[in-house]
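> The structure's right below; bear with me while I get my questions together.
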Amino acid sequence: MSTRWEHGSDFHLEQRTGELDAPWTEHPHTLWGSGRDAMRGLLAWGREHHGWQRVWVPSFYCQKVVAALARELPVVSYVDSPEHPLRARLDADAHDVVIAVNLHGTRTSSGIVTRGTVVEDHTHDPFGTWARESDAPWAVASLRKTLPLPDGGVLWSPRGEHGPAVRPLTDVHARAAADRLAGMVLKHDHLEGRDIDKSAFRACLVAGERAMASGVLSGISAFSAARLPTLPTAEWHAQRQQNIAAFADAFGSPSRVRLLPSSFAATLVFDRPEHAAWVRESLIAARVYPAVLWSLASPVVDVPAEHRELSRRILTLHCDHRYTTADMHRVADTVRHFIGSAERVG
Ligand SMILES: Cc1ncc(COP(=O)(O)O)c(C=O)c1O
């Protein structure tokens, strides 16, 4: 149990162990340095072996991922956002690749009908129903968004196809993963009350993040490859669902804010972007650090104006295994308090 309370932001190094229960272990799979490396590795392979020519991405999506994919193939967007059901029919060519994303982990199948090759991105719910029941040719997930690992991405084929061979670990990636790991260890020590300043672990985490997925495609670090099979994923997945429910219970339904269904995080949609910004800043000052999913301020592809505006109204709060029901109640009460003051400020 931590002696210094804070909520959100990067994982610290976790001591708990158990057994990996993941959809890819039953299928051909490869481990990569990051989710982006896994996706780029697949695209480079498909370009060479199947003549893949173009990638379709959702209009509401992580723009760092879009920029990474654009290093391999031209990218176009299709309309998809957390507020709408995934469009059923997509007029892609047979040599196109379509990225279908479980944006908030609430989708139970892709629902996309297309002539292109579907690649599912299960980063936000790698252990949920859609990932487990998928029959897509390809699926990917970043491991470090749901698991306390310094690096890692996985590519698997629910259909049983064999894809790109894994790449060796590069020096650039090894250094990035080592910085992330150092930051996770120091954050653990800080939370335990040791004399380690926040700036020390933040510097390592930020440096590692900046270098992640920046260079030549890489395999996963030895640390994450060895840790992955020992992580209690089923227990942590269940804990996340309990935490989301605990937040919803305590949050209730304050006016001018909606809670979106999600199996990943507590996702609030404000009526006004200024209120979302005010609440975010107030939370940070109270040591509650929201996630950003995603900034669409400078998109790499076409993004409808209403999706850009929506991204400024969304606030995402972590609900993972680090937290207890009591933590989630405390966070919900804090958010409610700041929502009240945001309304008073105007
Ligand atoms: C939905 C989604 N897919 C893929 C990625 C890429 O993962 P990574 O940062 O490990 O490259 C991210 C995070 O950046 C993400 O949020």
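Each reported figure results from applying straightforward, stated rules to the coordinates on display, with no laboratory input. This one's a predicted model, so the numbers in the text were calculated from it and none came from an experiment. Every residue, glycine among them, receives a Cβ derived from its backbone with ideal geometry; neighbour counts consider all protein chains shown.
> Output the antiparallel fraction of DSSP beta bridges having both residues in region 85-237, as a percent to the nearest 5.
Close to 30 percent.
> Hey, rough spin-label estimate for D21 and V113, points 7 angstrom out along Cα→Cβ, what's it come to in nanometres?
Between D21 and V113, the label points sit 3.6 nm apart.
> Could you tell me the center-to-center distance, by alpha carbons, between region 184-237 and region 92-114 in angstrom?
What the calculation gives is 30 Å, centre to centre.
> Would you list which lysines come within 23 Å of K64, measuring only between C-alpha atoms, while excluding same-chain residues fewer than 8 positions from it?
Those lysines meeting the cut-off are K145.
> So what is the relative contact order for region 46-159, in percent, with contacts set as C-alpha pairs under 8 Å and at least six apart?
Result for region 46-159 is 19 percent.
> On to the next question. Rounded to the nearest Å, what's the spacing between the alpha carbon centres of region 48-90 and region 143-170? Just the number, please.
So the two Cα centres are separated by 19 Å.
> Filter the trypsin sites (Lys or Arg not before Pro) in region 32-93 to those in DSSP coil with at most 10 other Cβ atoms within 10 Å of their Cβ, and list the result.
Sparse-neighbourhood loop trypsin sites (Lys or Arg not before Pro): none present.
> Then there is this: How much FRET efficiency would the formula 1/(1 + (r/R0)^6) give for R258 and K64, where r is the Cβ-Cβ distance and R0 is 25 Å, rounded to 0.05?
Working from the Cβ atoms, E equals 0.40.
> Working out 0.36 nm times the residue gap between E6 and A245, then minus their Cα-Cα distance, what length gain in nm do you get to one decimal?
84.0 nm
> Still on this structure: Enumerate the calculated ³J(HN,Hα) couplings along region 99-113 in order (Karplus 6.51 cos²θ - 1.76 cosθ + 1.60, θ = phi - 60°), each rounded to whole Hz, writing x wherever the residue is Gly or Pro.
For region 99-113, the Karplus curve yields 8, 10, 10, 7, 3, 10, x, 9, 7, 9, 7, 6, x, 8, 10 Hz.
> Could I ask something else about it? Counting only DSSP beta bridges with both residues in the chain, tell me the antiparallel percent, nearest 5.
50
> Tell me, how many Å apart are the Cα centres for region 271-346 and for region 27-45?
If we compute the Cα centre of each part, the gap is 31 Å.
> Set the Förster distance to 35 Å, then compute FRET efficiency between E133 and W45 from the Cβ-Cβ distance, nearest 0.05.
0.90
> If each DSSP helix of 4+ residues adds -39,500 (n - 2.57) and the sum is divided by the residues in the chain, what number results at 222 nm, nearest 500 deg cm²/dmol?
The helix contribution divided over the chain gives -12000 deg cm²/dmol.
> If you don't mind, there's one more thing I want to ask. Please tell me the relative contact order of the chain in percent, rounded to the nearest whole number, where contacts are Cα pairs under 8 Å and at least six residues apart.
The normalised contact order for the chain reaches 23 percent.
> Can you tell me, using C-alpha contacts under 8 Å and at least 6 residues apart, the relative contact order of region 275-346 as a whole percent?
43
> Mind giving me the nanometre distance, one decimal, between the label points for T324 and A277, set 7 Å out from Cα along Cα→Cβ?
Taking the simple label geometry, T324 and A277 are separated by 3.8 nm.
> Pick out, in residue order, every one of the trypsin sites (Lys or Arg not before Pro) in region 147-204 that is DSSP loop and has at most 16 other C-beta atoms within 10 Å; say none if there are none.
R159, R194
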